[in-house]
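Notes for the one structure printed next.
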Amino acid sequence: MFLPTDFFWSWSGEILGEVLYEFKKSGVHGLENGNLLICVTSKGRLSEVDSNGDVVWVYRNPVGTKTYNQFVTEIEILRDNSMFRGEKYHKNYEGFLGKDLSPKGIIEDVNTLSNSCNETLSFMELNYLDKIITFNNPVLNKTISFYEKIENVDILVYNMLGQVILKQTNFKGDKIVIPNLVKGIHFIMIKENGKLQVKKFLVK
C-alpha cells in the first residue's frame with residue numbers, strides 16, 4: 001500500500017480564468033513555505049498556490065521547437081512547450097553551493113519590458129516609498145479606492161501574466177476605475193520621485 005492513505009489538501013480553483021484540468025498528466029508537491037507547486041504538463045505551466053487557494057504566480061515554459069513568450073495563445077503554442085515536471089529550490093539548496101547564481105539575462109527576450117526585466121526583478125536595488133499607500137483589498141466594482149488622496153504618482157497595474165492593463169502618469173485623486181479589470185490576482189506599482197511601492201490585490 002502506498003502512503004499517505006488520504007489527501008491533506010484539496011483544491012478546485014481557477015488559474016488564469018479557467019478551472020484547473022489536465023487530460024494528459026500533471027503533478028503537485030509541497031514547498032517549504034507551505035504552498036503547493038502545480039505542474040500542468042500539456043500547457044507547460046507552473047503555478048504556486050497558497051493554502052487558502054490563492055494563486056501566487058504563474059509561469060509558462062517558454063522552450064519548445066522555438067522560444068515562446070509568456071503571452072502566446074494556447075492555439076499558437078499547441079502543447080509544443082509540454083513539460084514533465086517542475087521544481088522550486090530554496091536559494092540555500094545544497095546543490096547550489098559553489099555555483100554562480102548571478103542573473104545571466106532572460107530566456108524569452110521578446111517583449112517591450114525585456115530590457116529592464118533583470119532590473120525590475122532585482123528587489124535589493126529597489127527604492128521604496130517612505131509612506132505606504134493603502135487601498136481597498138479585495139477590489140470591487142473594478143475600482144481601486146485609496147484611503148486618502150494621492151497626488152503626482154505614476155500607476156501601473158499588471159495581471160498575473162505580467163501584462164500592463166493600466167498605465168497612468170501624474171495621477172491625482174482617491175480612486176481609479178479600471179474597465180478591463182477581471183476576477184483574479186493583480187499587482188499595482190505606484191511610483192513617486194524615483195521611489196515605488198508594489199502590492200498584490202484580489203479582484204472579486
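Coordinate-derived values only; no laboratory data. Predicted model, so just to flag it, every value in this text is computed and none were measured. We place every Cβ from the backbone using ideal geometry, glycine too, and count neighbours over all the protein chains shown.
General observations
- Candidates S12, S145, S26: whichever shows maximal mean-square fluctuation once the chain is modelled as a Gaussian network with Cα springs under 10 Å: S12
- Dipole magnitude for segment 7-54: about 320 debye, using +1 per Lys or Arg Cβ and -1 per Asp or Glu Cβ, origin at the Cα centre.
- Virtual spin-label span in nm between D80 and N180, 7 Å along Cα→Cβ: 2.5
- For the chain, convex hull of alpha carbons as volume per residue, Å³: 173
- All lysines inside 27 Å of K43 as judged from Cα atoms, apart from same-chain residues fewer than 8 positions distant: K24, K25, K66, K88, K91, K104, K183, K200, K204
- Seen from every direction in turn and averaged, the convex hull around the alpha carbons of segment 1-92 projects onto 7.6 nm².
- Taking F135, F96, F84 as the candidate residues, the one with maximal mean-square fluctuation in a Gaussian network model of the chain, Cα springs under 10 Å, is F96.
- Per residue, the Cα convex hull of segment 135-204 amounts to 78 Å³.
- Computed about its Cα centre, the charge dipole of the chain is approximately 320 debye, with only Lys, Arg, Asp and Glu carrying charge at their Cβ.
- Positive-end residue of T65, L78, V182, charge dipole of the chain with Cβ unit charges: V182
- Max mean-square fluctuation residue, GNM over the chain, Cα-Cα springs under 10 Å, options N35, N61, N136: N136
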